[in-house]
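Step one of this worksheet: look at the structure below.
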Amino acid sequence: MTDQTVTRADLSEAVYQEVGLSRNESADLVESVLSEIADTLTSGETVKISSFGSFSVRQKGERVGRNPKTGEEVPILPRKVLVFRASNVLKNRINGEAGGEDDTDDGFSGADNGGAPQQQPDTPPPMGSGTPYRPGS
Amino acid sequence: MTKSELILRLAENNPHLYQRDVERIVSTIFDEISTALARGDRVELRGFGAFSVKTRDARTGRNPRTGESVHVAKKSVPFFKSGKDLRDRLNDRK
């Protein structure tokens, strides 16, 4: 279907439409929300947004990598990575199932349907082209 | 930090706003992102990260307890890739 990109401007516009603030202030608030989350994560704290998902920081140990082009071995230093875990509400919405309207968050968070047969969504998700996988960066 | 703590913090920093409005602002943002993903769109927030939807093909899974094979339908999963700025900040490179 659409396959478009939503940006800060769209989020600000949504806030502007929804709350009676100026466009400028709406944009500032979108920015504040993102920076609060970023600051919290930088301090090492997890951020949980009910019915959306959680962001957490994971420490990765050092390992030996390989330059795929030259085959050369290079050490990959220990580093921190950000992981996002979507809530079941969000996962269900993306699969076109009736998403929980309320904060009926991760009732069974750990159970990542371990092979349980899943119901076929009525409409296949609109994917113009699968997101290409870009290794490394 | 939870969503309500985020709301409280924002309300503290914006004393001219009603907390009710701050709640609506925060909810609107996450709802907008969710709706975009449900549409199959990508959400790109420079410096922070990008949300996208990936498809997982149908496959024949196995019930790990019984060994019985089951059909797992094709599904879409949300995916988040952190932005470079945030990644660098996490690693004190900024």
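See the values below:
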quantity: Test set (1) surrounded by 19 or more Cβ atoms within 10 Å (Cβ to Cβ); (2) more than 17 Å from residue A:18 (Cβ to Cβ); (3) touching an Asp or Glu at 6+ places or on another chain (Cβ under 9 Å) - residue B:9 fails condition number; calculated: (1)
quantity: Residue list for the range B:25-57, filter: more than 30 Å from residue A:35 (Cβ to Cβ) and out of contact with any strand residue (DSSP E or B) (no Cβ under 6 Å at 6 or more places or on another chain); calculated: B:57
quantity: Which numbered condition residue B:8 fails, given (1) under 20 Å from residue A:14 (Cα atoms); (2) in a helix (DSSP H, G or I); calculated: (1)
quantity: Hits in the range B:36-48 - residues which are at pLDDT 95 or above, in contact with a helix residue (DSSP H, G or I) (Cβ under 8 Å, 6 or more places away or on another chain) and either more than 8 Å from chain A (Cβ to nearest Cβ) or farther than 18 Å from residue A:51 by Cα (or both); calculated: B:42, B:45, B:48
quantity: Those residues of the range A:51-98 which are facing chain B (nearest Cβ under 7 Å), open to solvent by 30 Å² or more (accessible area, probe 1.4 Å) and either of a type in the set (A, V, I, L, M) or not in a helix (DSSP H, G or I) (or both), in sequence order; calculated: A:57, A:79, A:80, A:84
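Matching residues to (1) surrounded by 14 or more Cβ atoms within 10 Å (Cβ to Cβ); (2) at the interface with another protein chain (Cβ under 7 Å from one of its Cβ atoms); (3) of a type in the set (A, V, I, L, M, F, W, C); (4) not in a strand (DSSP E or B):
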residue	(1), (2), (3), (4)
B:28	yes, yes, no, yes
B:32	yes, yes, no, yes
B:50	yes, no, yes, no
B:61	yes, yes, no, no
B:66	no, no, no, yes
B:77	yes, yes, yes, no
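The values are calculated or read from the model by the stated rules, or taken from the named source; none is laboratory data. Everything numeric here is computed off the predicted structure, so don't read it as measured data. Quick reminder, even Gly has a Cβ in these numbers, built from the backbone with ideal geometry, and neighbours come from all protein chains shown. For accessibility, only protein heavy atoms count, side chains too; no ligands or nucleic acids. Shrake-Rupley method; radii C 1.70, N 1.55, O 1.52, S 1.80 Å.
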